[in-house]
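The values are calculated or read from the model by the stated rules, or taken from the named source; none is laboratory data. This one's a predicted model, so the numbers in the text were calculated from it and none came from an experiment. Counting neighbours? That spans all protein chains shown, and the Cβs are built from the backbone with ideal geometry, glycine included. In case anyone asks, the SASA skips ligands and DNA or RNA and just uses the protein heavy atoms, side chains included. Shrake-Rupley method; radii C 1.70, N 1.55, O 1.52, S 1.80 Å.
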Number of protein chains: 2
Amino acid sequence: MAEISQYAYRVEPQEVDFTLRATLASLGSAVLNTAGVDAHGKGFGVDVLNADNHSWVLSRMALEIDARPRQYTDYTVGTWISDYGRVLSTRNFTLTDAARHEFGRAVTQWAMIDLSTRSAVDLSWVGREHEDAVVPVPPPTDKPRKIRSVTPTQRAERRVVYSDIDFNRHVNTMRYIEMMLDMLPVELLTREAPVRLDIHFLRECRFGQTLSIGCEEHAGGALFEISGDGETAAVRAGIEWR
Amino acid sequence: MAEISQYAYRVEPQEVDFTLRATLASLGSAVLNTAGVDAHGKGFGVDVLNADNHSWVLSRMALEIDARPRQYTDYTVGTWISDYGRVLSTRNFTLTDAARHEFGRAVTQWAMIDLSTRSAVDLSWVGREHEDAVVPVPPPTDKPRKIRSVTPTQRAERRVVYSDIDFNRHVNTMRYIEMMLDMLPVELLTREAPVRLDIHFLRECRFGQTLSIGCEEHAGGALFEISGDGETAAVRAGIEWR
């Protein structure tokens, strides 16, 4: 039976803000990087899927960080797949420091798309073929919450440029997170309190589109909605500091 | 006598564009990260300097990439300081693949600033105190070129936000590079040809400022100039594909 796989990271100088602690975006980036590396190592990475004209796309993510680690801190990201549904597979993560103290965790849900039609395909075959990659350990926290509606109190506009896009030619997740968090006061972003981020993808945003980023701020957190070229919402997210 | 220090990297999934090759910004980021890690390990990192209310700031950088490595490629960044002047120290880099083939190189020049006055301090004492950290190997390519004037043919505006700033509270180098390159056609950015980037910092851009990014495109390359809040140029750069 498969076990939780562990990957070593360190908070690099390029990943900290002026409080010298890792940014939320850089920790989220380590989590998503781990997903790619683990799938690659186990034979169902994007590289293998692409040969079949398929790709993984992130559908939802919940990321909880209790305390942002300081520059040069070594940490470990553990990851495991807890289940494959027909449409979504669930990949989990824990972030632990050198003293084995868990300071963060994440739950992600992934769909597989056909690169020609850009629509989701039935995942059942992956579940059957890679059944031995499933680890019967439940997710470390609540699954990502669906954010149903956002009533923005402020808006920003931004064109999608080369540095925003990923290997799938759509806006990369960390850039979405940065665009949203950049609308909040720096005092909130650098607060040393446990934080939970839920992000939920509804459609892709592509190179050259103009994004509208709406933010509904409230005490200790905010809701966000991003849409491209006046289309319906592409991304919704919520962040809460405790 | 000191030797060239080697640091291991791998092209991570978050660092590639849709050609599945590492972006220039991510390779530049690995280079600057190596500078921080090496200085830290040798006892003259930003962490030690900050205690004395000093910090390193990058003054100029030249980065040459002959071929952008593919996703999951292991590579090594070698780094050494070749000299300390009164105002600038020169730190050099080579990027080599697993077969020891050099596919890139960089030369950087750093000043030390007093964090209260934000002005440069005399480096001679660092040269004396850390003389044993100097490696008598010349820079691997021409030192960074000074770009004297730019006549923009196009301009973009952008506010400095939280995700743009670094531990020094000013815009981080990779974000400047992204801002500039994002003005060029994607076809040029994803061209597989040797490229050289020269970047030259004249003043800092800070959180909340509005940046104006000017671009003077010509066959096979471009010049750039960034200024904050209508001040004189803060950054000038040039990029050339061969």
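When all protein chains stay in place and ligands, DNA and RNA are ignored, the 1.4 Å accessible-area order of A:90, A:141, largest first, is A:141, A:90. If R0 is taken as 51 Å, the Cβ-Cβ distance between residue A:86 and residue B:146 corresponds to a FRET efficiency of 0.25.
If each DSSP helix of 4+ residues adds -39,500 (n - 2.57) and the sum is divided by the residues in the protein assembly as shown, what number results at 222 nm, nearest 500 deg cm²/dmol?
-5000 deg cm²/dmol
Determine the distance separating the Cα centre of the range B:199-224 from the Cα centre of the range A:1-62; give it in Å without decimals. One Cα centre to the other: 32 Å.
Phi-derived couplings, Karplus 6.51 cos²θ - 1.76 cosθ + 1.60 at θ = phi - 60°, listed residue by residue for the range B:116-127: 7, 8, 6, 10, 5, 10, 5, 8, 3, 5, 5, x Hz, with x used for Gly and Pro.
Of the residues B:187, B:217, ranked by 1.4 Å probe accessible area with the largest first, the sequence reads B:187, B:217. When a 1.4 Å probe is rolled over the protein heavy atoms, the share of accessible surface on the protein assembly as shown that falls to carbon and sulfur comes to 49 percent.
Take each residue of peptide A:74-87, count the partner chain Cβ atoms within 10 Å of its Cβ, and average: the result is 0.
Between copies, the label points at residue B:83 (set 7 angstrom from Cα along Cα-to-Cβ) are spaced 6.6 nm, reported in nanometres from shortest to longest.
With a/c under 1.5 counting as rounded, go ahead and sort the range B:38-171 into rounded, prolate or oblate using the C-alpha gyration tensor (a ≥ b ≥ c being the square roots of the eigenvalues; past the cut-off, prolate if a/b is larger than b/c, else oblate). It comes out oblate by the Cα gyration axes. Taking a ≥ b ≥ c as the square roots of the eigenvalues of the alpha-carbon gyration tensor, the range A:75-149 is classed prolate because a/c is 1.5 or more and a/b outweighs b/c. Peptide A:10-16 has a mean of 6 when you count, residue by residue, the C-beta atoms of other protein chains within 10 Å of its C-beta. In Å², nearest 100, what accessible area do chains A and B bury in total when the solvent probe is 1.4 Å? For A against B, buried area totals roughly 3000 Å². Shortest first, residue B:117 label-point distances to identical copies amount to 6.9 nm, with the label point at 7 Å from Cα along Cα→Cβ. Give me log10 I(q)/I(0) at q = 0.07 Å⁻¹ for the protein assembly as shown, Debye formula, one equal scatterer per alpha-carbon, no solvent. One equal scatterer on each Cα of the protein assembly as shown leads to -0.37.
Label-point distances for residue A:67 to the equivalent site in the other copies, using a point 7 angstrom along Cα→C-beta, read 4.7 nm when ranked shortest first. Annotation for residue B:74 and residue B:159: the two label points, set 7 Å from Cα along the Cα-Cβ direction, are 4.6 nm apart. Round to a whole angstrom and tell me the spacing of the C-alpha centers of the range B:106-149 and the range B:228-242. Cα centres, the range B:106-149 to the range B:228-242: 20 Å.
Given a 1.4 angstrom probe, what's the average accessible area per residue across the range A:53-108, in square angstrom?
Normalised by residue count, the accessible surface of the range A:53-108 is 35 Å².
The residue B:128 and residue A:20 beta-carbon pair, evaluated with R₀ = 30 Å, returns a calculated FRET efficiency of approximately 0.60. Distance to the B-onto-A rotation axis is smallest for one chain B Cβ; residue and value in angstrom are B:158, 4. Take the Cα radius of gyration of chain B and divide it by 2.2 N^0.38 Å, N being the number of residues; the result is 0.99. Taking B:240, B:3 and ordering them by how much accessible surface each has at a 1.4 Å probe, largest first, produces B:3, B:240. Here the contact order of chain A, divided by its residue count and restricted to Cα pairs under 8 Å and six or more residues apart, works out to 19 percent.
Find the percent of Cα-Cα distances in the range A:141-232 that exceed 19 Å, and round it to a whole number.
Counting pairs separated by more than 19 Å, the tail of P(r) holds 42 percent.
Placing a pseudo-label 7 Å from each Cα along the Cα-to-Cβ vector at residue B:190 and residue A:206 gives an inter-label distance of 1.2 nm. The mean number of Cβ atoms from other chains found within 10 Å of a Cβ in peptide A:156-169 is 5, as a whole number. Taken along the Cα-to-beta-carbon direction at a fixed 7 Å, the label points for residue A:117 and residue B:98 span 3.7 nm.
Note on the range A:178-242: Kirkwood hydrodynamic radius from all Cα pairs is 12.5 Å, rounded to one decimal.
Treating only the Cβ atoms of Lys and Arg (+1) and Asp and Glu (-1) as charged, compute the dipole magnitude of the range A:87-233 about its Cα centre; round to the nearest 20 debye.
The calculation lands at about 140 debye.
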